[in-house]
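Each remark here refers to the structure printed beneath this line.
Values quoted throughout were computed directly from the atomic coordinates according to the rules given, and no laboratory measurement underlies them. All of these numbers come straight from a predicted model, not from anything done at the bench. Virtual Cβ from ideal backbone geometry, glycine too; neighbours counted across all protein chains shown.
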Amino acid sequence: MQISTRESANGKELTISIAGRFDHTLQQAFRNAYRFHNGRPVLYRVDLERTEYMDSSALGMLLLLRDHARAGGAEVQIRTPAGRILEILQMAHFERMFNIISSPRQS
Amino acid sequence: MNSGAAGCEDDAAVPSPRGRALVVDDQASNRSLLEALLVREGFEVVHATDGAHGTELFGRYGADIVFLDVLMPVMDGYEAARRIKDLAGDSFVPVIFITALSDKRSLARCVEAGGDDFLSKPFDATILRARIHAAERVRDLHRELRRRNTELSRLHAHLQREQEIAERIYSAAVNQPNVALDRIRTLLRPAATFSGDVLLTARRPSGELNVLLGDFTGHGLTAAVGALPVSEVFRAMTDKGFAAADILREIDRKLTTLLPPSMFMAACFVTLNPAQGQAMIWNGGMPDLLVVGAHGRIRRRVASMEHPLGIEGEQDSAFLPVHVELGHDDTLLLLSDGLLDARNPAGDMFGRSRLEASIEVDHAATTAFDRVAIALSRFCGSDAPDDDITLVAIPCAPEMAGDAARAPEPAVLPQMCATGCQWRWTIELDADCLRRIDPVPVAMAQLQALRPLDRHREALYTVLSELFSNALEHGILELDPAIKLRRDGFGAYYEERQRRLSELTDGRIRIDLINVYDAAGGRLLIHFQDSGKGFRHESVCRNASGGAGGRAGQGIQVLLGLCESLHYQGTGNRVEAVYAWEG
């Protein structure tokens, strides 16, 4: 499954993980991951640990999630290892709009 | 041919609603039995006595369903089935074997020969009916599929034609007005008919070259259509002499309004001044711009400094470009991320290391652009790229300096005014305004609207820019022109200018333009007044005429060359230039 979601026990956090290519083909699936969620999370965590590739459509999808989160008073956190994905986020200066947490890549 | 339909000739002439059934059996009793059942089901029945006869009839008259006996003289059912299926081609005609055989091998052969079903003798009306229904269901599905495919192909061809027309219009609007493309090398490999990457070039009134390379999210038509308003804004504002920051701010504002929330445009903006060996560069979300010097050495990288344009809720960018010194041997390389992400058949990406490795080769016979193009081509092969690829190489040689663009037609074409007639236009800016507004393009817009002053736009732009520069930088900000003479002085001067301007709390500049018409044309009196302390204009003017006087002197020399007269008044914080023009 390219996109998987996990909810915290108290329902306050929703983690969306993306494996493989994060591109325009995931548009619908990514939106569905948070749109029809019943709870009201305070934190949305986007887990890019196993993402191999990300294009500008993916950046656009993150912006949509941010709008959705803001409307509900929630925050968005992006977790990614250092490497190409982090470079893409930094090139677009998304660190000014999202809380980005990077970890050193596991070997 | 036996029609087989019971009843009068009239029935034989009208085709049955359920279609035509072809019955092929060498025994007459079998044929009549099956025919009777089929007629009851609403079929028109045609029969043949052996495989060859059946095949011939099918070839000539066709059928909607075929019943074949297996064991027949001349040609058996297996061979007939093969030939009938062959004749049917893309159409699906159900072929049902009639057989008394029950062994599995024979039944398997039926299916292998192309049969769709088999029916055992003796016939059972109920079973026959069920088998016919099943066969018809498959046949109808097949027909529906073919119909939809034909429709899809038609729509697709239509869409292709529409796209081709749209692409021509887009090209005319966005690409055609571009300038200097004979000197700027470009590599454009879009992923589809429309590229989401857009390259715009235009000249400022003073002759400098503005270049914008943009990359819209996604690719294809939806990505490209945003380029149209960007192109309009870019050209109109460049033409009027607006600064890069103002143009980028306006494009950002426009795209934020137009584009859906998930779309934006990464961009880099270059203002090239080859005569003075410098460029102002801004990068928002694009890969590093590279300054490549002699021997392929990458002298400098300009990385993304702010986020891309058109992101809603993020209007905090300053859009201030950085200053870069350029030599005549230098080349500026701009690229979109499609180039870095381009994949080879194995799935590896081209990447920064390969890009820079192909550039940093000391090989006089090839340019950096050529080397990158070749390396990329070898790496990717000929497959279509996943994302639009764009590479632009801008040489910094003096030939890049050009004449100002041709003036656009003024909107208003007033009559030539009578002698002695005059108009006056004034603008006064306080510190808050000075921090945000550049009045020179605003004044130029006024002048360009009136003939025949539009023909003098290059000279007038130079005069107004020079006088405003002096008033702002020397009068209000009190910058020391000597900074420019130092190494990397222009960059330092510019940074200091930006810093002081952003901190400005006091100061005013007033511009008066008074135009007096006369027989030959007229005189434009250009009056600048600033609230600064002034300067020792007497000494500067003396030095200017004598040839010395440094930067301030050079500026005054240009003014003296263009204007009929130039007078400083007061403490030097007031100046009047008179520009004579002929209509």
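How large is ³J(HN,Hα), in whole Hz, for each residue of the range B:31-45 in order, when computed from phi with the Karplus curve 6.51 cos²θ - 1.76 cosθ + 1.60 and θ = phi - 60°, using x for Gly and Pro?
Listing the rounded values in order: 4, 5, 4, 5, 4, 4, 4, 5, 4, 4, 7, x, 8, 8, 10 Hz.
Give the residue list of chymotrypsin sites (Phe, Trp or Tyr not before Pro) in the range A:4-107 that are DSSP loop and have at most 11 other beta-carbon atoms within 10 angstrom. Please report the intermediate quantities before stating the final value.
Details: sites: A:22, A:30, A:34, A:36, A:44, A:53, A:94, A:98; in loops: A:36, A:98.
Passing sites in the range A:4-107 are A:36.
If packing is taken as the average number of other Cβ atoms within 10 Å across a peptide's residues, how do B:374-380, B:20-26 rank, most packed first? All intermediate terms of the calculation are to be shown ahead of the outcome.
Details: B:374-380: 15.1, B:20-26: 24.1.
Per-residue Cβ counts within 10 Å, averaged per peptide and sorted highest first, yield B:20-26, B:374-380.
Need one value for A:49-61: mean number of C-beta atoms belonging to other chains within 10 Å of its residues' C-beta atoms.
Details: counts 0, 0, 0, 2, 5, 1, 8, 18, 7, 2, 9, 9, 2.
Neighbouring Cβ atoms belonging to other protein chains average 5 per residue here.
For q = 0.11 Å⁻¹, what log10 I(q)/I(0) does chain A give under the Debye formula with an equal point scatterer on each alpha carbon and no solvent?
Normalising to I(0) and taking log10 leaves -0.30.
Give the distance, in whole Å, between the Cα centre of the range A:1-29 and the Cα centre of the range B:116-138.
51
Starting from 0 in steps of 10 Å, tell me what percent of the Cα-Cα pairs of the protein assembly as shown lands in each bin.
3, 12, 16, 15, 12, 11, 10, 7, 5, 4, 3, 1, 0
Residue by residue through the range B:569-578, which ³J(HN,Hα) values in whole Hz follow from phi under the Karplus form 6.51 cos²θ - 1.76 cosθ + 1.60 (θ = phi - 60°), with glycine and proline marked x?
10, x, 8, x, 8, 10, 9, 10, 10, 10
Counting C-alpha atoms alone, how compact is the range B:133-183: give Rg to one decimal and Dmax as a whole number, in angstrom.
Final numbers for Rg and Dmax: 21.9, 72 Å.
So for chain B, averaging the separation of alpha carbon pairs under 8 Å that are six or more residues apart and normalising by length, what relative contact order in percent results?
On the way: 1055 pairs, mean separation 52.5, N = 583.
Normalised by residue count, the contact order of chain B is 9 percent.
Angle check, please: helix B:227-240 long axis (alpha carbons) against the longest principal axis of chain B (alpha carbons), in degrees 0 to 90, nearest 10.
On a 0 to 90 degree scale, this one is about 20.
Please report the spacing between the Cα centers of the range B:269-286 and the range B:330-409 in Å, no decimals.
17
Could you tally the net charge around residue B:249, taking each other residue with its Cβ under 13 Å from the Cβ of residue B:249, Lys/Arg +1 and Asp/Glu -1? Spell out each step's value before the answer.
Details: positive: B:253, B:254, B:436; negative: B:246, B:250, B:252, B:306, B:314, B:316, B:438.
Summing Lys and Arg as +1 and Asp and Glu as -1 gives -4.
How do B:75, B:265 rank when sorted from fewest to most other Cβ atoms within 10 Å of their own Cβ? Each step should come with its number before you reach the end.
Working: B:75 16, B:265 28.
In order of increasing Cβ crowding within 10 Å: B:75, B:265.
Go through B:217, B:568, B:33 and say which Cα lies farthest out towards the positive end of the charge dipole of the protein assembly as shown; charges sit on Cβ, +1 for Lys and Arg, -1 for Asp and Glu.
Checked the options; the winner is B:568.
With a cut-off of 8 Å between alpha carbons and a minimum separation of six or more residues, what is the relative contact order of the range A:44-106 in percent?
About 39 percent, as a whole number.
In what order do B:298, B:437, B:96 fall by count of nearby beta-carbon atoms within 10 Å, going from fewest to most? Show your work: numbers first, answer last.
Details: B:298 16, B:437 13, B:96 22.
If I rank by nearby Cβ atoms, fewest first, I get B:437, B:298, B:96.
Just tell me how shielded B:257-266 is by partners: mean number of partner chain Cβ atoms within 10 Å of each residue's Cβ, no decimals.
Working: counts 0, 0, 1, 3, 6, 13, 5, 5, 1, 4.
Whole-number average of other-chain Cβ neighbours for B:257-266 is 4.
How high is the relative contact order of chain A, in percent, with contacts defined as C-alpha pairs under 8 Å that are six or more residues apart?
Details: 173 pairs, mean separation 26.0, N = 107.
Once normalised by length, the contact order is 24 percent.
Tell me, B:306, B:232, B:428 in order of fewest to most beta-carbon neighbours within 10 Å?
Numbers: B:306 20, B:232 15, B:428 12.
Ranking B:306, B:232, B:428 by Cβ neighbours within 10 Å, fewest first, gives B:428, B:232, B:306.
Quick check: Cα centre of the range B:34-48 to Cα centre of the range B:154-225, how many Å?
65
With only Lys, Arg, Asp and Glu charged, each at its Cβ (+1 for the first two, -1 for the last two), find how big the charge dipole of the protein assembly as shown is about the Cα centre; round to the nearest 20 debye. Can you show the working numbers first?
Working: 77 positive and 92 negative charges, 221 e Å.
That gives a dipole near 1060 debye.
Provide the percentage of antiparallel DSSP beta bridges, counting only those with both residues in the protein assembly as shown; round to the nearest 5. Write out the running numbers ahead of the final one.
Working: 82 of 117 bridges.
Bridges in the protein assembly as shown are about 70 percent antiparallel.
Treat chain B as a sphere of radius equal to its Kirkwood radius over Cα pairs and apply Stokes-Einstein at 4 °C in a medium of 1.567 mPa s; give the translational diffusion coefficient in µm²/s, rounded to a whole number. Present the calculation step by step, with values, prior to reporting the outcome.
On the way: Rh = 30.7 Å.
Reported coefficient: 42 µm²/s.
Using a 10 Å cut-off on Cβ to Cβ distances, tally the other chain neighbours for every residue of B:160-169 and report the average as a whole number. Write out the running numbers ahead of the final one.
Numbers: counts 0, 0, 0, 0, 0, 0, 0, 0, 0, 0.
Averaged over the peptide's residues, the number is 0.
Nearest-5 percent of antiparallel DSSP beta bridges in chain A? All intermediate terms of the calculation are to be shown ahead of the outcome.
Working: 5 of 23 bridges.
Roughly 20 percent of the DSSP beta bridges within chain A come out antiparallel.
Just the number, please: percent antiparallel of the DSSP beta bridges in chain B, rounded to the nearest 5. The partial results should precede the final answer.
Values: 77 of 94 bridges.
If I count the DSSP bridges inside chain B, around 80 percent turn out antiparallel.
Please give the charge dipole size of chain A, origin at the Cα centre, charges +1 on K and R Cβ atoms and -1 on D and E Cβ atoms. Round to the nearest 20 debye. It would help to have the intermediate numbers written out before the result.
On the way: 14 positive and 11 negative charges, 43 e Å.
Its charge dipole is roughly 200 debye.
Could you quote the convex hull projected area for the range B:186-336, Cα atoms only and averaged over all directions, in nm²?
If you wrap the Cα atoms of the range B:186-336 in a convex hull and average its projections, you get 8.6 nm².
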